[in-house]
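Notes follow the structure.
The values are calculated or read from the model by the stated rules, or taken from the named source; none is laboratory data. Everything numeric in this text was worked out from a predicted model, so none of it was measured. In this analysis, Cβ positions are derived from the backbone assuming ideal geometry, glycine residues included, and neighbour counts consider all displayed protein chains.
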Amino acid sequence: MDGKGVHSVASTAGGPPAIPNLFVTLDARTSPGWIAWYEDFVLKGNGGAAREKSLALELRGANGVSMITLKGHGVGIVSLRARELNQPRRVTLLAELYVTRLEMVGPGAVSTSP
């Protein structure tokens, strides 16, 4: 990460940039869908392209206006861990996701489609 808070992803020689795994923190009380997906995808071994999902991350400026949206395709769950906070009876989940392909949408976005 540089001094301006920009994180660059190194690319493999001659290939597309590597996409690091994405970590998402969730409130355990409102996450039954995530738990069911993890149990089916990882614990029961029903992972694969047919059960992968998609995601969208909207990046907003300080004024709240959308600057760019990152759309993830071929998203699978790798792990789901409980984390206790310093607050009584407050548990969060940390989900680790892999993303097969990222697409940038919005003003100034560069198309990564062939």
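Screening Gly48 with (1) at pLDDT 95 or above; (2) within 22 Å of Leu102 (Cα to Cα); (3) in contact with a helix residue (DSSP H, G or I) (Cβ under 9 Å, 6 or more places away or on another chain) gives one miss only, at (1). Within region 47-82, restricting attention to residues that are without any contact (Cβ under 8 Å) to a residue 24 or more places away in the chain and within 22 Å of Thr30 (Cβ to Cβ), the residue that is farthest from the chain's Cα centre (by Cα) is Arg81. Provide a single number: the residues in region 59-72 that are of a type outside the set (Val, Ile, Thr) and surrounded by 12 or more Cβ atoms within 10 Å (Cβ to Cβ). The qualifying residues number 5.
For region 17-28, a tally of residues being without any contact (Cβ under 8 Å) to a residue 40 or more places away in the chain and farther than 13 Å from Gly76 by Cα returns 2. Inspect region 38-48 for any residue being loosely packed, with under 15 Cβ neighbours inside 10 Å and within 17 Å of Phe23 (Cβ to Cβ) and give the result as yes or no. No, because not a single residue in region 38-48 is loosely packed, with under 15 Cβ neighbours inside 10 Å and within 17 Å of Phe23 (Cβ to Cβ).
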